[in-house]
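Participant: Dumping the structure here so I can ask a few things about it.
The values are calculated or read from the model by the stated rules, or taken from the named source; none is laboratory data. Computed from a predicted structure; not experimentally measured. Here the Cβ positions follow ideal geometry from the backbone for every residue, glycine too, while neighbour counts run over all protein chains shown.
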Amino acid sequence: MSNHRIVPSIERPYVISIAGFDPSAGAGLLSDMKTFEAHQLYGFGVCTAMTIQTDTAFLKNDWLEKEHLLAQLKPLLEKFPIPAVKIGLIKDLETLLAVCDCLISFDPQIKIVLDPVLKASAGYNFHDWISGSVIFKNVLKRLYLITPNYLELQTLMGADQENQKDVKAVEQLCLSWSLDCAVLLKGGHHPLTPGTDYLFHKNERLEFHSGSPVVYPKHGSGCVLSSAITAQLALGNSLQKSCRFGKEYIERFLNSNTSLLGYHNL
């Protein structure tokens, strides 16, 4: 496939979010677009699902099929150079794998960031993915970074209620994944060190501590952190620097007001 793309002159890098549509704009595509714009990127959006929700209630979700996702995605990849992509809510692992393969077929160096949205903050369950499945392992090999929180990792491990504080088991899973892709364990729900994020990369662990003693929870904060990191990667920053800047950005977002819907700015 030719790499010679005719595109309009633009100073900002391009970046894509592949995620669901949240009418409240706190999470998903609309939230990612706000984050990309704050980082002075030009953001494209591929819609994976139409949700009916607010910042406090989740009522319904309608998935878009794999063929529809790929039909949205391919014309963008054919025309524009895309250094990084963030994937959020998506129908299933088969669809996720197909999307990753499509991205890599256009650019083997593209940086794919997955935020594994398994459950809405309002309580709606989307997936029952299991980390040991063959498809999930194949997905990991195609990713640059995955950004689960502690509870999402517990779900992926199939942990029962009694084992939900087994921090050692979670960290061992992150280390094993880090041989395929980097893992950012978000600290918002961590039982021992809340607020501290852990980056696992090639069997090493780095810590990113909170710079704010108090934060105000926000709907879609996980989406914002992942898209902020993706934005930094698209700007050419290293993985470590992107995660550190993403941490700083999300804390400003959380403290932008006291409601569940935050404001975006650098």
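Participant: Listed residues Leu153, Leu143; which is under 15 Å from the mean Cα position of the chain (by Cα), in a helix (DSSP H, G or I) and either surrounded by 16 or more Cβ atoms within 10 Å (Cβ to Cβ) or at pLDDT 95 or above (or both)?
Facilitator: Result of the check over Leu153, Leu143: Leu153.
Participant: Of everything in the range 247-266, what is assigned to a helix (DSSP H, G or I), free of Cβ contacts under 8 Å to residues at least 40 places away in the same chain and either touching a Ser or Thr at 6+ places or on another chain (Cβ under 9 Å) or polar (S, T, N, Q) (or both)? Give them in sequence order.
Facilitator: We begin by selecting, within the range 247-266, every residue assigned to a helix (DSSP H, G or I); these are 247-254.
Those still in the list that are free of Cβ contacts under 8 Å to residues at least 40 places away in the same chain too: 248, 250, 252-253.
Residues satisfying the conditions are Ile250, Arg252, Phe253.
Participant: Among (1) free of Cβ contacts under 8 Å to residues at least 60 places away in the same chain; (2) in contact with a helix residue (DSSP H, G or I) (Cβ under 8 Å, 6 or more places away or on another chain); (3) not small (Gly, Ala, Ser); (4) not in a helix (DSSP H, G or I), which single condition is Leu173 missing?
Facilitator: With respect to (1) free of Cβ contacts under 8 Å to residues at least 60 places away in the same chain; (2) in contact with a helix residue (DSSP H, G or I) (Cβ under 8 Å, 6 or more places away or on another chain); (3) not small (Gly, Ala, Ser); (4) not in a helix (DSSP H, G or I), Leu173 is out only on (4).
Participant: Go over the candidates Ile52, Ile90 one by one and state the one that is in contact with a strand residue (DSSP E or B) (Cβ under 8 Å, 6 or more places away or on another chain), of a type in the set (A, V, I, L, M, F, W, C), surrounded by 21 or more Cβ atoms within 10 Å (Cβ to Cβ) and in contact (Cβ under 8 Å) with a residue 24 or more places away in the chain. Spell out how you get there, then give the answer.
Facilitator: Values: Ile52 fails: surrounded by 21 or more Cβ atoms within 10 Å (Cβ to Cβ).
From the options Ile52, Ile90, the qualifying one is Ile90.
Participant: A further question on this structure: Give the number of residues within the range 193-221 that are of a type in the set (A, V, I, L, M) and touching a helix residue (DSSP H, G or I) at 6+ places or on another chain (Cβ under 6 Å). Reasoning before the result, please.
Facilitator: Residues of the range 193-221 that are of a type in the set (A, V, I, L, M), as a first pass: 199, 206, 214-215.
Next cut, touching a helix residue (DSSP H, G or I) at 6+ places or on another chain (Cβ under 6 Å) only: 199, 215.
Of the residues in that region, 2 qualify.
Participant: For the condition surrounded by fewer than 24 Cβ atoms within 10 Å (Cβ to Cβ), more than 16 Å from the chain's Cα centre (by Cα) and closer than 21 Å to Pro13 by Cα, what is the one hit in Asn255, Asn237? Walk me through it before giving the result.
Facilitator: Details: Asn255 fails: closer than 21 Å to Pro13 by Cα.
None of the other options fit; the residue is Asn237.
Participant: With the requirement that a residue be touching a Leu at 6+ places or on another chain (Cβ under 9 Å), over 23 Å from Thr51 (Cβ atoms) and of a type outside the set (Lys, Arg), what does the range 105-119 give you? Step through it out loud before you land on a result.
Facilitator: Within the range 105-119, the first condition is being touching a Leu at 6+ places or on another chain (Cβ under 9 Å), and the residues that meet it are 105-107, 110-119.
Restricting the remaining residues to those that are over 23 Å from Thr51 (Cβ atoms) gives 105-107, 110-111.
Ser105, Phe106, Asp107, Ile110, listed by residue number.
Participant: Given the options Lys218, Lys165, name the one that is of a type outside the set (A, V, I, L, M, F, W, C), modelled with pLDDT of 85 or more and either over 29 Å from Phe253 (Cα atoms) or assigned to a loop (DSSP other than H, G, I, E, B) (or both). Break it down into steps so the answer makes sense when it comes.
Facilitator: On the way: Lys165 fails: modelled with pLDDT of 85 or more.
Within the list Lys218, Lys165, the selection yields Lys218.
Participant: Are there any pairs, at least 6 apart or on different chains, whose C-beta atoms fall under 8 Å, with the first in the range 17-35 and under 9 Å from Val46 (Cα atoms) and in contact (Cβ under 8 Å) with a residue 12 or more places away in the chain and the second among the polar types (S, T, N, Q) and not in a helix (DSSP H, G or I), and if so, which?
Facilitator: As it stands, the answer is Ile18/Thr48; Ala19/Thr48; Gly20/Thr48; Gly20/Thr51; Gly20/Asn61; Leu29/Ser17, since those pairs meet every condition given.
Participant: I would also like to ask the following. Can you report the number of residues in the range 168-192 which are modelled with pLDDT under 80 and within 20 Å of Ser242 (Cα to Cα)?
Facilitator: Just the residues of the range 168-192 that are modelled with pLDDT under 80, to begin with: 188-192.
Right, trim to within 20 Å of Ser242 (Cα to Cα) and you get 188.
Going through the range 168-192 one residue at a time, the tally reaches 1.
Participant: Further question on the same structure: Do any strands (runs of 3 or more DSSP E) lying entirely in the range 1-115 carry at least 2 residues that are in contact with a Phe, Trp or Tyr (Cβ under 6 Å, 6 or more places away or on another chain) and within 24 Å of Ile250 (Cα to Cα), and which ones are they?
Facilitator: Numbers: elements: 14-21, 42-53, 58-63, 84-87, 111-114.
Hits in the range 1-115: 14-21, 42-53, 111-114.
Participant: Of all residues being under 14 Å from Ala228 (Cα atoms) and touching a strand residue (DSSP E or B) at 6+ places or on another chain (Cβ under 6 Å) in the range 19-49, which is surrounded by the fewest Cβ atoms within 10 Å (Cβ to Cβ)? Just the residue, please.
Facilitator: Per the stated criteria, the residue is Tyr42.
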